[in-house]
Amino acid sequence: MSTFKAPKGTYDLIPPESATFLAVREAIAAPLRTSGYGYIETPGFENVELFARGVGESTDIVTKEMYAFETKGGDKLALRPEGTASVLRAALEANLHKAGNLPVKLWYSGSYYRYERPQKGRYRHFSQVGAEAIGVEDPAVDAELIILADQAYRSLGLRNFRILLNSLGDRECRPVYRAALQDFLRGLDLDEDTLRRAEINPLRVLDDKRESVQKQLTGAPLLRDYLCDACKTYHEEVRGLLTTAGVAFEDDLKLVRGLDYYTRTTFEFVHDGLGSQSAVGGGGRYDGLSEMIGGPALPSVGWALGVDRTVLALEAEGIELELPAVTSVFAVPLGEEARRVLFAKVTELRKAGIAADFAYGGKGLKAAMKAANRSGARYALVLGERDLADDVVQLKDMDSGEQSAVAIAEVLTELRSRLG
Ligand code: AMP
């Protein structure tokens with residue numbers, strides 16, 4: 001073992017489990033690729049101001065959880081705690097909103113960093129796949145994104161998840177509600193921290209998980225009763241489109257989510273087998289974010305799905321993904337000439353798309369067959385001196401133990417037909 005360990009709150013993705021992570025990323029991306037979303041990659045760090053303004057000065061993410069630092073050159077940067085602000089920054093910088101169709105549809109995949117108290121399902125380094133549709137106010141776009149996330153989870157075989165849906169109103173109606181909620185909160189028996197939060201961002205108090213707080217919130221005014229007509233119509237349209245698409249959801253009138261920039265549609269995907277860290281993904285509309293970071297008015301909507309938690313959800317449902325074989329064929333050469341011939345054969349198989357590996361390190365037959373076994377290969381190709389003289393190779397079925405001689409020139413054809 002090395003003197004070093006992975007930093008607290010992080011873990012390494014190592015084979016074979018890492019293959020599941022890749023498959024989850026792929027499965028989430030697949031519906032996006034066929035729905036007009038283009039891939040975007042932004043740096044792992046940004047100007048800290050982007051997150052302070054974009055995510056919100058009063059959010060836990062910015063005040064407590066951000067890995068912010070000053071570079072030797074004096075730049076104030078932060079490791080990205082989420083994807084939306086960066087993606088919007090990049091889209092604006094590249095003028096994507098002027099260059100082509102609106103909405104600009106983008107998807108991304110990568111690492112995110114939050115200095116949180118680590119526990120199962122909550123890490124300091126985690127992985128998300130996200131999607132953003134920038135520049136259009138249309139309930140069908142909101143519905144599209146929710147449908148695509150639902151499709152992604154279902155394609156993985158997940159069933160025990162629920163979609164929570166709410167509307168947070170807009171610039172017209174939210175301030176009225178905010179004031180009413182603040183009035184209500186001021187009358188409660190809350191600790192100082194929470195009272196302060198009630199002044200800065202009262203909606204977030206609704207999200208407080210503590211029993212002592214939740215108990216007092218029973219009679220709190222609900223945003224639904226304050227939504228303006230435009231927001232109501234918009235939300236009904238989103239709900240209708242989801243229902244038509246056969247995507248079930250639950251109205252959650254207290255769903256606010258932890259970021260400041262959300263307006264109107266907000267949603268969360270929760271999995272019932274994950275304990276306290278049950279959110280596998282979430283998102284919503286952020287009509288004001290572009291202006292908050294210095295851009296033009298660009299109403300937008302997006303989501304981010306957590307890869308780590310989706311993998312945990314698969315485990316919770318006992319789902320094992322069907323993954324492509326790491327090694328289908330393992331080559332065992334006996335002697336120098338056999339080594340050259342078989343190495344060329346392995347290269348040929350790989351070019352033809354067959355997963356093949358080789359007994360490196362000059363192993364003897366016994367050690368090499370053990371390696372073949374460990375590799376999980378369906379077949380071993382064993383080439384000895386006598387086989388060489390006969391221009392054949394021994395093809396061994398690792399499951400049944402059956403072995404037969406195949407002409408060296410015919411190996412690819414034979415394996416293609418056997419592997420299907
Ligand atoms: P959020 O931006 O907080 O809505 O996060 C979106 C998704 O990312 C969540 O639903 C989680 O699946 C995942 N996520 C957020 N924070 C963490 C974390 N600290 N560790 C693991 N996954 C996370």
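The values are calculated or read from the model by the stated rules, or taken from the named source; none is laboratory data. Values in this document were obtained by computation on a predicted structure and should not be read as measured data. Virtual Cβ from ideal backbone geometry, glycine too; neighbours counted across all protein chains shown. Calculation scope for accessible area: heavy atoms of the full protein, side chains included, ligands and nucleic acids excluded. Shrake-Rupley method; radii C 1.70, N 1.55, O 1.52, S 1.80 Å.
Do any helices (runs of 4 or more DSSP H) entirely within segment 162-255 hold 1 or more residues that are touching a Lys or Arg at 6+ places or on another chain (Cβ under 8 Å) and not assigned by TED's automatic domain parsing to the domain that holds GLY281, and if so, which? Quick ask: steps written out before the conclusion?
Working: elements: 174-186, 192-200, 202-205, 211-216, 229-244.
Hits in segment 162-255: 192-200, 202-205.
Taken together, the residues in segment 2-27 that are polar (S, T, N, Q) and assigned to a helix (DSSP H, G or I) amount to 2. Note on segment 118-160: among residues that are over 11 Å from ILE28 (Cβ atoms) and among the small types (Gly, Ala, Ser), the one that is nearest to the ligand (Cβ to nearest atom) is GLY121. Taking the condition open to solvent by 20 Å² or more (accessible area, probe 1.4 Å) and either of a type in the set (Ser, Thr, Tyr) or not assigned by TED's automatic domain parsing to the domain that holds SER155 (or both), does SER290 pass? No, not satisfied. Restricting attention to segment 224-246 and to residues that are in contact with a strand residue (DSSP E or B) (Cβ under 7 Å, 6 or more places away or on another chain) and among the aliphatic types (A, V, I, L, M), the residue that is farthest from the ligand (Cβ to nearest atom) turns out to be LEU227. Is it the case, given these coordinates, that VAL311 is in a strand (DSSP E or B), modelled with pLDDT of 95 or more and either open to solvent by less than 70 Å² (accessible area, probe 1.4 Å) or touching a Lys or Arg at 6+ places or on another chain (Cβ under 8 Å) (or both)? Judged against the criteria, VAL311 is not a match.
Scanning for something surrounded by 13 or more Cβ atoms within 10 Å (Cβ to Cβ), in contact (Cβ under 8 Å) with a residue 40 or more places away in the chain, under 29 Å from PRO16 (Cα atoms) and not acidic (Asp, Glu), does segment 363-371 turn up at least one residue? Taking every residue of segment 363-371 in turn, at least one turns out to be surrounded by 13 or more Cβ atoms within 10 Å (Cβ to Cβ), in contact (Cβ under 8 Å) with a residue 40 or more places away in the chain, under 29 Å from PRO16 (Cα atoms) and not acidic (Asp, Glu). As a summary of the residue check, THR194 satisfies the conditions (1) touching a helix residue (DSSP H, G or I) at 6+ places or on another chain (Cβ under 8 Å); (2) open to solvent by 60 Å² or more (accessible area, probe 1.4 Å) except for the one numbered (2). The set of residues in segment 66-75 being out of contact with any Phe, Trp or Tyr (no Cβ under 8 Å at 6 or more places or on another chain) and either within 16 Å of the ligand (Cβ to nearest atom) or in a strand (DSSP E or B) (or both) consists of ALA68, PHE69, GLU70. Could you say whether any residue in segment 324-337 is more than 28 Å from ARG416 (Cα to Cα), open to solvent by 10 Å² or more (accessible area, probe 1.4 Å) and among the small types (Gly, Ala, Ser)? The answer is no, given that none of the residues of segment 324-337 is more than 28 Å from ARG416 (Cα to Cα), open to solvent by 10 Å² or more (accessible area, probe 1.4 Å) and among the small types (Gly, Ala, Ser).
The residues in segment 256-281 that are in contact with a Lys or Arg (Cβ under 6 Å, 6 or more places away or on another chain), near the ligand (Cβ under 9 Å from one of its atoms) and part of a strand (DSSP E or B) can be counted, and the count is 2.
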